[in-house]
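Asks: I have a structure I would like to understand better, so I am pasting it below and will then ask my questions one at a time.
Where a number appears in this text, it was derived from the coordinates with a stated rule and is not lab data. What you see is a predicted model, and the numbers here were worked out from it, not measured in a lab. FYI the Cβ positions are ideal-geometry reconstructions off the backbone, even for glycines, and counts take in every protein chain you see.
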């Protein structure tokens, strides 16, 4: 069983902490995927798999940016 050294008094203890750059990058990864699929499905002129592929390329760029250009400092 996993344990933590951090005691928590209430469920909302972490509510006042701000989001870091990496939280926002992780939240941004699925956005191009969903946008590509929805756009392809809505337009109908493009196969959904092509929309998903285009979204995956943009998501990959977001991940690469987070890993190599905005890498956390140790």
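Asks: Could you give log10 I(q)/I(0) at q = 0.29 Å⁻¹ for segment 27-69, computed by the Debye formula over C-alpha point scatterers of equal weight, without solvent?
Replies: At q = 0.29 Å⁻¹ the computed log10 ratios are -0.87.
Asks: Any chance you could run the full-extension gain for residue 19 through residue 65? It's 0.36 nm times the residue separation minus the Cα-Cα distance, nm to one decimal.
Replies: 14.8 nm
Asks: Now for a different question. Starting from the 7 Å offset along Cα-to-Cβ, what nm value, one decimal, do you get for the label separation of residue 35 and residue 73?
Replies: In this crude spin-label approximation the distance works out to 3.0 nm.
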